[in-house]
Amino acid sequence: MRIWSVHPRHLDRQALIACWRETLLAQKVLVGETRGYTRHPQLERFQAQADPIASVGVYLEALADEADARGYRFDRTRIRVAGAEVPQIDVTEGQLALEWRHLGTKLAARSPEVLARWQNLAAPDSHPLFRVTPGPVARWERAVPRETGPAR
């Protein structure tokens, strides 16, 4: 499961669709509709919120907005809490950088044209739900950084 901290505009088609599906699964976990993935580390930042379901809803809405901009049709009726106002969630610069490298590796393999669009960008924008703060990779992150860089 990868619930990206980078802005959805940076994702290729495959990553955007996978993120939508995986975040819908995360929403199911948070509402108690599945027994699997309940301890998945990517959920920690949502579980720490006052209203985890609303926070996931805000996350999903931004994915759906990006899908709309690309002419895709994500089923917004699947978002349990839509239109909520929630506080932003902190994401560290280190976490964003790790995800940027990880995404760069994926884009190089399957969507080089998307990688080319972002290759001169030193750092990505974060998903609108997140606020970038100084700091290392998040403690919940399990990815081992094997690649050296995304868009350089």
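Within the stretch 81-92, does at least one residue satisfy the condition of being polar (S, T, N, Q), in contact with an Asp or Glu (Cβ under 6 Å, 6 or more places away or on another chain) and under 17 Å from ILE3 (Cα atoms)?
No, that holds for no residue.
I'd like the full set of residues that are more than 19 Å from LEU16 (Cβ to Cβ) and surrounded by 15 or more Cβ atoms within 10 Å (Cβ to Cβ), limited to the stretch 120-132.
Within the stretch 120-132, just VAL132 meets the criteria.
Results for (1) touching a strand residue (DSSP E or B) at 6+ places or on another chain (Cβ under 8 Å); (2) assigned to a helix (DSSP H, G or I); (3) not hydrophobic (A, V, I, L, M, F, W, C), shown as yes or no for each residue.
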residue: TYR59; (1), (2), (3): no, yes, yes
residue: ALA64; (1), (2), (3): no, yes, no
residue: ASP68; (1), (2), (3): no, yes, yes
residue: TYR72; (1), (2), (3): no, no, yes
residue: ALA82; (1), (2), (3): no, no, no
residue: PRO87; (1), (2), (3): no, no, yes
residue: ASP90; (1), (2), (3): yes, no, yes
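If you go through the stretch 91-106 one residue at a time, how many are among the acidic types (Asp, Glu) and surrounded by 17 or more Cβ atoms within 10 Å (Cβ to Cβ)?
Going through the stretch 91-106 one residue at a time, the tally reaches 1.
Just the residues that are more than 10 Å from the chain's Cα centre (by Cα), within 19 Å of LEU96 (Cα to Cα) and open to solvent by 50 Å² or more (accessible area, probe 1.4 Å), please, taken from the stretch 2-44.
ARG9, GLU44
The values are calculated or read from the model by the stated rules, or taken from the named source; none is laboratory data. Just so you know, these numbers come straight off a predicted model, no measurement behind them. Counting neighbours? That spans all protein chains shown, and the Cβs are built from the backbone with ideal geometry, glycine included. Ligands, DNA and RNA are stripped out before the accessible areas are found, and what is left, the full protein with its side chains, is counted by its heavy atoms. Shrake-Rupley method; radii C 1.70, N 1.55, O 1.52, S 1.80 Å.
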